[in-house]
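Undergrad: Before anything else, here's the structure in question.
The values are calculated or read from the model by the stated rules, or taken from the named source; none is laboratory data. Values in this document were obtained by computation on a predicted structure and should not be read as measured data. Neighbour counts run over all protein chains shown; Cβ positions are idealised from the backbone, glycine included. Remember, those area values only see protein heavy atoms, side chains included, never the ligands or the DNA or RNA. Shrake-Rupley method; radii C 1.70, N 1.55, O 1.52, S 1.80 Å.
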Amino acid sequence: MIIKARPIPFFLVWFGMGPLLWLFRRRFNKMIINDIDIKSGHSYILMCNHFGFLDGFFAYYLCFRFILKKQRLKNIYTMSVKKQMEKKPWLRFSGSFSVEPGKRSIDESLDYAASLLNRPGNLLIYYPQGNLESNYIRHIEFKDGIYEIATRTSGNCQLIWCSVLFEYFESLKQSVYFNLLDCGTNHEFDFERLKSDVNAFHLQAMKKNVRFTEEEDIKF
């Protein structure tokens with residue numbers, strides 16, 4: 001049996017996250033987000049590259065500083081490993097629900113995720129790699145979870161990809177670049193096209209971040 005989310009009212013999350021995000025922002029030189037269209041009357045899957053402890057903060061920053069300004073959000077959800085949620089019960093009140101990869105209950109978790117996304121205004125933060133990897137890895141490996149969630153969702157859901165990249169350049173503080181890609185909706189979902197589009201976009205984002213140097217394509 002999965003542990004379901006019991007998120008506190010969203011306006012309390014907003015007031016609580018405001019000061020935290022302000023302090024978080026002060027750690028960096030610049031935080032730059034490219035503009036994309038956020039569809040109205042939809043739920044949202046925000047897929048991000050999974051690179052470290054702080055990637056959850058970057059995802060929340062993106063939700064509150066960009067997506068929420070475009071469209072109204074009702075709740076933000078995340079999938080967390082069940083053992084972690086058993087150790088930290090408070091996670092369910094921040095919108096987390098459990099998943100156990102390789103166990104029978106995984107179908108219940110995927111169905112639960114889809115049921116949340118059937119409601120407009122809900123957003124699921126999702127890391128399709130499943131494992132921590134450098135944010136400069138040249139190929140994003142997608143696990144099957146995003147396919148299962150997207151195809152089980154019957155409502156209108158927009159899929160968004162974000163490649164988060166860092167550079168110092170002229171500053172002692174890092175600058176953060178949120179490279180956003182509109183990946184369409186669940187109704188036109190094509191898993192192979194999603195993987196191809198995201199990987200092409202991720203490589204292009206890294207090339208853009210290099211600034212002046214021309215790099216030959218390198219395959220691993």
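Undergrad: Kindly indicate whether any position in the range 125-135 is part of a loop (DSSP other than H, G, I, E, B), touching a helix residue (DSSP H, G or I) at 6+ places or on another chain (Cβ under 8 Å) and either surrounded by fewer than 18 Cβ atoms within 10 Å (Cβ to Cβ) or modelled with pLDDT of 95 or more (or both).
TA: yes
Undergrad: If a residue must be part of a helix (DSSP H, G or I) and closer than 13 Å to residue 47 by Cα, how many such residues does the range 172-196 contain?
TA: 2
Undergrad: Where in the range 9-85 are the strands (runs of 3 or more DSSP E), entirely inside, with at least 3 residues that are among the acidic types (Asp, Glu) and more than 16 Å from the chain's Cα centre (by Cα)?
TA: It comes to none.
Undergrad: When you go through (1) part of a loop (DSSP other than H, G, I, E, B); (2) touching a helix residue (DSSP H, G or I) at 6+ places or on another chain (Cβ under 6 Å) one by one for residue 169, which number turns out not to apply?
TA: Exception for residue 169: condition (2).
Undergrad: In the range 1-27, what residues are at pLDDT 85 or above and of a type in the set (Phe, Trp, Tyr)?
TA: Those that are at pLDDT 85 or above and of a type in the set (Phe, Trp, Tyr): 22, 24.
Undergrad: Pairs please, first residue from the range 80-92 and under 15 Å from residue 105 (Cβ atoms), second anywhere and among the acidic types (Asp, Glu), Cβ atoms under 7 Å, 6+ apart in sequence or on different chains.
TA: So the pair list comes out as 82/100.
Undergrad: If you don't mind, there's one more thing I want to ask. Can you tell me how many residues within the range 104-124 are in a helix (DSSP H, G or I) and open to solvent by less than 50 Å² (accessible area, probe 1.4 Å)?
TA: Of the residues in the range 104-124, 8 are in a helix (DSSP H, G or I) and open to solvent by less than 50 Å² (accessible area, probe 1.4 Å).
Undergrad: Only one of 101, 89 is in contact with a Gly (Cβ under 8 Å, 6 or more places away or on another chain) and open to solvent by 70 Å² or more (accessible area, probe 1.4 Å). Can you tell me which?
TA: Going through 101, 89 in turn, just one is in contact with a Gly (Cβ under 8 Å, 6 or more places away or on another chain) and open to solvent by 70 Å² or more (accessible area, probe 1.4 Å): 101.
Undergrad: Let me ask something else about it. List every residue pair whose Cβ atoms sit under 9 Å apart, with the two residues 6 or more apart in sequence or on different chains, where the first one lies in the range 140-167 and is closer than 11 Å to residue 126 by Cβ and touching a residue at least 40 places away in the same chain (Cβ under 8 Å) and the second, anywhere, is of a type in the set (Lys, Arg) and open to solvent by 10 Å² or more (accessible area, probe 1.4 Å).
TA: What qualifies is 142/195.
Undergrad: Could I ask something else about it? Give the range 164-194 a look and list any residue that's within 18 Å of the chain's Cα centre (by Cα) and open to solvent by 50 Å² or more (accessible area, probe 1.4 Å), or say none.
TA: Across the range 164-194, the qualifying residue is only 182.
Undergrad: Going by the structure shown, is residue 93 of a type in the set (Phe, Trp, Tyr) and either closer than 12 Å to residue 125 by Cα or under 17 Å from the mean Cα position of the chain (by Cα) (or both)?
TA: No: the conditions fail for residue 93.
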